[in-house]
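Okay, so here's the structure we're looking at.
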Amino acid sequence: MNFLNNLDRRWIFLAMALCVGVPILVIGLTGYTFPETPTPLAEAFFDEVDVAGEAKGRRANVLLAFDFDPASAGELNPMAVSLVHQCAQKGHRMYFISLWPVGPQMIMDAVNKVIKVHYPEMVYGEDYVNLGFKAGNEQVIKVMGVDLTTEFRTDVEGTTLSQIPMMSGITNLEDFDLIAEISAGYPGSKEWVLYASTQFNIPLVSGMTGVQAPQLYPYFPNQLKGLLGAIKGAAEYEYLVNQWVRLDKLTGILEQAGLPPGEAGPLAAEFAASPDQVSTWTVSAAASTLSPEAKAALIEAATEPIPGEYLEGQRRMGPQLFAHLLMVFLIILGNVIFFAQRRRGGGS
Amino acid sequence: MQILTRLIPLLITGIAGLVMIVSAFIPYTSEWGKIAGQFFNILAAFAFVLGGGNLLKVHLKKISDQGAGWGYSGVVLVCFLVTLFVGLFKIGTYPNPSYPDVHFSGETQGTGSGFWWAYEYVFKPLTATMFSILAFYVASAAFRAFRAKNFEAILLLGTAFIILLGSVSAGVFLTDWIPNAGPFGDLRLENLRIYIMQVFNTAGTRAIMIGIALGIASTSLKIMLGIDRSFLGSGD
Amino acid sequence: MPRIELRNPLAWILGALFAAFACSTSAPASAPPQPPTELSARDKPWDGGGVIFLEWTASTTPLDQLQGYEVLARELGVTAAELADQTERAADAAAERETESLLEGEGIAPEDADQQARLEVRADPVAVPVEQPEWKSIAIVPAGQTDYEATGLEKDRSYEFAIRAIGADKSLSAPSASSPPVVPEAAWFNLSKLPLLVALVLISAAVLVFVVLARGGMVMKIRTIAGLKAVDEAVGRATEMGRSILYINGIQDMDDLQTVAGVTVLGRVAKTAAEYDAKIEVPTSRSLVMTASRETVHASYFSAGRPDAYNPDLIYYVTDEQFGFVAYVSGMMTREKPAACFYMGSFFAESLILAETGNSVGAIQIAGTANPSQLPFFVAACDYTLIGEEFFAASAYLSGQPDQLGSLKGQDVGKILAGLFILVGVVLATIQAISGSTGLEEAVRFLKDVILGS
């Protein structure tokens, strides 16, 4: 008991290092992730991005504000990547900005991981644009509400906005169908709620660090249509996006092969739930109308492993789980020591 | 000297504060508030030079004194000067495609530039390392601070367990037997976590926020009216 | 998967008949709906500008066949003054062209040609080609709604509006007749902010009244704040141990009131340190904070009668970068092992790193911040923490001046007001939820949207 009472905190550090390090190694080697059950907050986030632009019956203009830095990238990057993933798959037009000086690097990182690798057909200036960082915190949001070109005259590469095709028709915040924001502090989610979503009534979804989330919960679901808190929120959202992307790809292949939408949708959902069924279905009579290429594409889409960058959130939940369990254990241990000492003190 | 060190700063404070208040209510003056804010930004920009000068002075003095750890000051100065040089002269940047012949048209932080390299391979890992230290400190602080000393502390402990377990798949595993759609679905740890955060935590935070807002209003008024002058080095 | 196959000729005929019937019944539904009429647009009075209120008469198409209305707007590129200016310039240019043709063709004197040309232009006024901007969809409102408040418009620009009805099958009606041009002007006072002004006046008046009363001799009591009471103890301990005092003003600039409050407390701590002859070190994250801190500490040493002991080099700038600053301060704490650490200002993720490092070197630690998310970390790792308003009250508490204490009393009036509003709001909303009264619903809406929304 004396050892525990005078426990050197470096033992705690070592235990934490093991609880974080070992799962990272094991997950890295095996690729195993823990199952995620999406909460309504993550589902609302996903749905809002999914339906963006539908109200106006057009391809959505989504403003993506990446207000974070490398320090919080470990917590926020997975949700940023998944957000770009969903927007790209959905075919939304993406307008990236940042109110943090190092935000443009975070944008580049997500663009390089998702668009450049998995959606090379997307054209810069037509499908996505990086408007870079603008100093001035919430003042920038206020001005953007009235006139976007006052704050952003060029994109991050110095090209004037008039030369960028997707900027035509974009004058202020009201020209966007959705604002999706990833925040690590000030300026961040709260400022976007106060000066964009409340003022101009534009749908806003936000992902944030765990420390910020409690302050933003009151804004859900009115001013904030969806909320992702920390790596847990990222993992839930990532799971939803990955499931939907696979389903969307399968549906697309089946529809292209000539199946009516009413039939392709449920079938794709069946395949997404149990990929093993695809190989047996493709050799059945029901698939006789499908070309061999379509069948091969279908099998590949159903069984291909999800790329690592789209699993970062779920992978990080492993270390998170063991770290939390360690915390619970430490708190219990601390109290055992406390009560043992008290009993001893009381006895003497 | 009293005019320069007391009266003028107090006048600037009072007038700028008044302009900010007026611009919030009278639309015609809304631009004045922005201008006052811009003045601060201009001052803050000049302050970078002041900061850089002070940094040089402090660390050069440490090197010259050769006290304990003076070598670190050398590292600071070398890193500072190299980063400044690389950034100011846009070392390694690629020119803007519109002006391929003009070296300075390139973006300072563009991929492949010296500044980008320093950011990507030095700054980013160092910052992430500092941030990740939090994981260790949170554990040691929890071990030391969470003690069931009284009833309130026991409540706090219980809440901490719900939040910690509800935030990971352990929560789902432990209360998976409660049907999510049933009448007791809200008692599942992951749902309980959200409920605690949305209701109890929000209520507590709002109470603190109201106190803070009033404190800010009262302090601002005292500063504007010159009742509290301690930030100018005078309070007695 | 079952499929309906039409192999039988009878089935073909029945199918064709069914299809023809379906087409005949669905034909009216696919016709576009009727446009709404009598669109009026007026500037919202007593606002900050940029808002136009629109009203229209509903489309004659039945409500169940409508999905909603689409509000269209276009900014008129030219204002009246600009239009007059353009017309004048166009007339001048036309007259010039006419003069040239007269000079070339008819060989008359230049003065006469100019006069004749101007007469001809006046007789046949020039139509200025004004480029009409495109209509833009600004909102979609439900079918039952016949008004809309267009926001985010530019204050000094002229706008036209039109409305289109959206059918149940998403077909669009022709646009309604456009509204007359209207300018969303700013009033001299923004009436929507009146409740905020009233609250500001009430709280400010309460603060000022109590300041005056305190100056007049009214005794003001303030409860003991443990964290501030411990300042002397902390400085005394540092003196006894012969170690330094570390003071951090947060990581924000002087435009953050928390930093100002931090500098204020620094003045008191520095004065006590000067009296005890303890060394106080102030690394700052912003150079303006460094300058302000130097002034404050200098004044404190002066008022303590020890101006000679003041060393400006102990108050220095480190870096603006959050974690760079933390790395420096943590390293310094580990090396120099200060006996007392003060964290007073705006802190973010660095709070726990600093406080735990301070704890590990055995320092007595006092923190104060108004960032609620960082309070738990300071509470867990520091000996004393000033929570939110306590931090702002620190200056008054430490100075003990009557007028400063009076301001705290005024703050309490604000708290009572806030409490009353919360109570009224909660009671109203609860009764409304139970009774379902529309009058009370309106009252709750007024409280939420008008009072709180101002």
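The values are calculated or read from the model by the stated rules, or taken from the named source; none is laboratory data. Treat the numbers as computed from the prediction; the structure is a model and nothing was measured. When we count neighbours, we look across all protein chains shown, and the Cβ atoms used for this are built from the backbone with ideal geometry, even at glycine.
Here is how the numbers come out for the structure above:
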{"read-out": "Qualifying residues in segment B:181-190 (those that are in a helix (DSSP H, G or I) and buried (at least 19 other Cβ atoms within 10 Å of the Cβ)) - the one modelled with the highest pLDDT", "value": "B:Leu189"}
{"read-out": "Test: A:Pro165 is at pLDDT below 95 and crowded, with 21+ Cβ neighbours inside 10 Å", "value": "no"}
{"read-out": "2 or more residues more than 10 Å from chain B (Cβ to nearest Cβ): qualifying strands (runs of 3 or more DSSP E) within segment C:282-369", "value": "C:340-346, C:364-369"}
{"read-out": "Check on B:Thr127, without any contact (Cβ under 8 Å) to a residue 40 or more places away in the chain and either in contact with a Ser or Thr (Cβ under 6 Å, 6 or more places away or on another chain) or more than 7 Å from every other protein chain (Cβ to nearest Cβ) (or both)", "value": "no"}
{"read-out": "Flag if A:Ala234 is part of a helix (DSSP H, G or I) and either free of Cβ contacts under 8 Å to residues at least 24 places away in the same chain or not assigned by TED's automatic domain parsing to the domain that holds A:Gly74 (or both)", "value": "no"}
{"read-out": "Enumeration of residues in segment A:23-40 that are within 14 Å of another protein chain (Cβ to nearest Cβ) and either assigned to a helix (DSSP H, G or I) or surrounded by 13 or more Cβ atoms within 10 Å (Cβ to Cβ) (or both)", "value": "A:Pro23, A:Ile24, A:Ile27, A:Thr33, A:Phe34, A:Glu36, A:Thr37, A:Pro38, A:Thr39, A:Pro40"}
{"read-out": "Any hit, segment B:21-41, residues being free of Cβ contacts under 8 Å to residues at least 40 places away in the same chain, β-branched (Val, Ile, Thr) and within 24 Å of C:Glu295 (Cβ to Cβ)", "value": "no"}
{"read-out": "Residue match in segment B:36-48 (condition: touching a Leu at 6+ places or on another chain (Cβ under 6 Å), at pLDDT below 90, assigned to a helix (DSSP H, G or I) and small (Gly, Ala, Ser))", "value": "yes"}
{"read-out": "Any chance A:Leu173 is modelled with pLDDT of 85 or more, assigned by TED's automatic domain parsing to the domain that holds A:Asp69 and under 18 Å from the mean Cα position of the chain (by Cα)", "value": "no"}
{"read-out": "Residue match in segment A:283-304 (condition: assigned to a helix (DSSP H, G or I), at negative phi and within 14 Å of chain B (Cβ to nearest Cβ))", "value": "no"}
{"read-out": "Hits in segment C:122-152 (condition: modelled with pLDDT of 70 or more, under 13 Å from C:Glu75 (Cα atoms) and not hydroxyl-bearing (Ser, Thr, Tyr))", "value": "C:Pro133, C:Glu134, C:Trp135, C:Lys136, C:Ile138, C:Ala150, C:Gly152"}
{"read-out": "Residue that is out of contact with any Lys or Arg (no Cβ under 9 Å at 6 or more places or on another chain), more than 30 Å from A:Lys295 (Cα to Cα) and modelled with pLDDT of 90 or more, where the choices are A:Leu224, A:Leu247", "value": "A:Leu224"}
{"read-out": "Matching entry among B:Lys62, B:Lys34 (being farther than 20 Å from B:Leu232 by Cα and touching a Phe, Trp or Tyr at 6+ places or on another chain (Cβ under 6 Å))", "value": "B:Lys62"}
{"read-out": "Segment C:344-363, residues that are touching a residue at least 60 places away in the same chain (Cβ under 8 Å) and surrounded by 24 or more Cβ atoms within 10 Å (Cβ to Cβ)", "value": "C:Met344, C:Gly345, C:Phe347, C:Glu350, C:Leu354, C:Gly358, C:Ala363"}
{"read-out": "Residue in segment A:105-121 that is away from chain B (no Cβ under 11 Å) and more than 19 Å from the chain's Cα centre (by Cα) present", "value": "yes"}
{"read-out": "Members of segment C:272-303 found to be under 18 Å from C:Ala234 (Cα atoms) and not aromatic (Phe, Trp, Tyr), listed by number", "value": "C:Thr272, C:Ala273, C:Ala274, C:Glu275, C:Asp277, C:Ala278, C:Lys279, C:Ile280, C:Glu281, C:Val282, C:Val297, C:Ser300"}
{"read-out": "Check on A:Val241, in contact (Cβ under 8 Å) with a residue 12 or more places away in the chain and touching a Phe, Trp or Tyr at 6+ places or on another chain (Cβ under 6 Å)", "value": "no"}
{"read-out": "Test: residue in segment A:291-300 that is touching a Pro at 6+ places or on another chain (Cβ under 9 Å), within 29 Å of A:Ser82 (Cβ to Cβ) and at pLDDT 85 or above", "value": "yes"}
{"read-out": "Single condition A:Gly252 does not satisfy, out of (1) farther than 23 Å from C:Phe348 by Cα; (2) out of contact with any strand residue (DSSP E or B) (no Cβ under 7 Å at 6 or more places or on another chain); (3) crowded, with 19+ Cβ neighbours inside 10 Å; (4) at pLDDT 85 or above", "value": "(3)"}
{"read-out": "Test: A:Lys116 is assigned by TED's automatic domain parsing to the domain that holds A:Asn77 and surrounded by fewer than 17 Cβ atoms within 10 Å (Cβ to Cβ)", "value": "yes"}
{"read-out": "B:Ser169 vs. criteria among the polar types (S, T, N, Q), touching a Leu at 6+ places or on another chain (Cβ under 7 Å) and crowded, with 19+ Cβ neighbours inside 10 Å", "value": "yes"}
{"read-out": "Residue match in segment A:129-140 (condition: out of contact with any strand residue (DSSP E or B) (no Cβ under 7 Å at 6 or more places or on another chain) and free of Cβ contacts under 8 Å to residues at least 12 places away in the same chain)", "value": "yes"}
{"read-out": "Within segment B:40-72, considering residues that are more than 11 Å from chain C (Cβ to nearest Cβ) and surrounded by 13 or more Cβ atoms within 10 Å (Cβ to Cβ), the one nearest to B:Glu107 (Cα to Cα)", "value": "B:Leu60"}
{"read-out": "Flag if A:Ala323 is assigned to a helix (DSSP H, G or I), surrounded by 19 or more Cβ atoms within 10 Å (Cβ to Cβ), among the small types (Gly, Ala, Ser) and within 9 Å of chain B (Cβ to nearest Cβ)", "value": "yes"}
{"read-out": "Test: A:Leu254 is under 28 Å from A:Gln314 (Cα atoms) and not in a loop (DSSP other than H, G, I, E, B)", "value": "no"}
{"read-out": "For A:Tyr310: the one exception among (1) within 30 Å of A:Gly258 (Cβ to Cβ); (2) modelled with pLDDT under 90", "value": "(2)"}
{"read-out": "Among the residues listed as B:Ile194, B:Ile208, B:Ile154, the single one being away from chain C (no Cβ under 11 Å) and at pLDDT 90 or above", "value": "B:Ile154"}
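Yes/no per residue for (1) in a loop (DSSP other than H, G, I, E, B); (2) over 30 Å from B:Gly204 (Cα atoms); (3) in contact with a helix residue (DSSP H, G or I) (Cβ under 7 Å, 6 or more places away or on another chain):
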position	(1), (2), (3)
A:Glu126	yes, yes, yes
A:Asn130	no, yes, yes
A:Gly145	no, yes, yes
A:Val156	yes, yes, yes
A:Gln199	no, no, yes
A:Pro214	no, no, yes
A:Pro218	no, no, yes
